[in-house]
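Input: one structure, supplied below.
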Amino acid sequence: MSRDILILGGAGQVGTELQHHAWPADVTLQAPAREALDITDEAAVEAAVAGRPYAAVINAAAYTAVDKAESEVGAAWRLNALGPAYLAAATARAGIPLVHVSTDYVFDGTGTGAYATDAPVRPRSVYGASKAAGEMAVRTANPRHAIVRTAWVVSPHRGNFVRTMLRLAGEREKLTVVDDQRGCPTSAADLAAALAAIALRLADDPAAPTGTYHCVNAGATTWCGFARAIMAGAESRGARSVPVEPIPTSAYPTPAARPANSELSTETLARDFGVTPRPWPAALDDILDQLIGPARPA
């Protein structure tokens, strides 16, 4: 008997990797385009969820234009807060577990060390506030939920930091990158694998753990450190590499405030689901292998 899993946000980095993931043979994925299922349409969400006995729903849909959200407040809140509220209510009524992707931006970034899942939420941007509201909606509407916060997501797909650095290296003689924001680069493929493991556990075990989790690759660096690793990886693969100079956040002002510290602890993810993400440099190597090719022999 097939287990059907509904994926929202299938066109994004995480949604793409969820569809590339090696699911068990009995799993059938449904990943409708936004035009086919808009999660901000309450009636459409209710009809979609009620119309099929899904084993689980994974919501990777989000308004992620962090700076545009400061001026497009309504759009950000509709997709990041109202949509998850509709999904949580509909899945709860149908008895379906919901796995919802969230973000480090729910924290203010002033803490030291890695944020625990129960650390106080204090968003400093419209994006962060809308995602925090989406978390609350999921938490309160569907008891069988897993909220999975992540950060600094990269992949061979769509727009992301790795692809941007490689593109800029082809256009400039040097890069200047912020060096006072610290976080954990995260492979969308590794995140998708974790989401899949959580969804299947919730689908198969009514007593499976629920709650809030963090999923990021192991280790932390700054954006500048990450950029230098990307350039080193490009050089080892015979691609163009340029120097990366550090700058402070104050030299690169943006409409939305960025967390200075985005480190997230994955301790509860390992405890409850046995998922221990690998170090981010290994994940970066896999992405560069896909974008450029394998590293040349030393």
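Please work out which residue is surrounded by the fewest Cβ atoms within 10 Å (Cβ to Cβ), limiting yourself to the range 1-42 and to residues that are among the hydrophobic types (A, V, I, L, M, F, W, C) and under 16 Å from the mean Cα position of the chain (by Cα).
Filtering first and then ranking leaves A11.
To continue, here is another question. Select from the range 153-176 the residues that are buried (at least 19 other Cβ atoms within 10 Å of the Cβ), over 22 Å from the mean Cα position of the chain (by Cα) and either among the β-branched types (V, I, T) or part of a helix (DSSP H, G or I) (or both) and list them in ascending order.
A169, the sole residue that qualifies.
Tell me the strands (runs of 3 or more DSSP E) entirely within the range 19-111 that contain at least 1 residues that are out of contact with any Phe, Trp or Tyr (no Cβ under 9 Å at 6 or more places or on another chain) and over 20 Å from Y213 (Cβ atoms).
27-30
Another one. Return the residues of the range 254-298 that are in contact with a strand residue (DSSP E or B) (Cβ under 9 Å, 6 or more places away or on another chain) and in a loop (DSSP other than H, G, I, E, B); say none if nothing qualifies.
R258, P259, A260, S262, E263, S265, T266, V275, T276, P277, R278
Quick one: what pairs do we get from the range 211-237, first residue farther than 16 Å from W152 by Cβ, second assigned to a loop (DSSP other than H, G, I, E, B) and of a type in the set (D, E), C-beta under 8 Å, 6+ apart or different chains?
T212/D118
On to the next question. Within the range 1-28, which residues are of a type in the set (A, V, I, L, M, F, W, C) and closer than 17 Å to H100 by Cβ?
The answer is I5, L6, I7, L8, V14, L18.
Name the single residue that is surrounded by the most Cβ atoms within 10 Å (Cβ to Cβ) among those in the range 177-218 being small (G, A, S) and not in a helix (DSSP H, G or I).
Among residues in the range 177-218 that are small (G, A, S) and not in a helix (DSSP H, G or I), the one surrounded by the most Cβ atoms within 10 Å (Cβ to Cβ) is S187.
Given the conditions (1) buried (at least 19 other Cβ atoms within 10 Å of the Cβ); (2) closer than 24 Å to L200 by Cα; (3) of a type outside the set (V, I, T); (4) in contact with a Ser or Thr (Cβ under 6 Å, 6 or more places away or on another chain), which single one is not true for W77?
Going through (1) buried (at least 19 other Cβ atoms within 10 Å of the Cβ); (2) closer than 24 Å to L200 by Cα; (3) of a type outside the set (V, I, T); (4) in contact with a Ser or Thr (Cβ under 6 Å, 6 or more places away or on another chain) one by one, W77 breaks only (2).
Could you tell me whether any residue of the range 229-242 is at pLDDT 95 or above, touching a Cys at 6+ places or on another chain (Cβ under 8 Å), over 16 Å from K174 (Cα atoms) and assigned to a loop (DSSP other than H, G, I, E, B)?
No, there is no match, as no residue in the range 229-242 is at pLDDT 95 or above, touching a Cys at 6+ places or on another chain (Cβ under 8 Å), over 16 Å from K174 (Cα atoms) and assigned to a loop (DSSP other than H, G, I, E, B).
The values are calculated or read from the model by the stated rules, or taken from the named source; none is laboratory data. Here the structure is a predicted model, which means the values were calculated and not measured. So basically every Cβ, Gly included, is an ideal-geometry build from the backbone, and we count neighbours across all protein chains shown.
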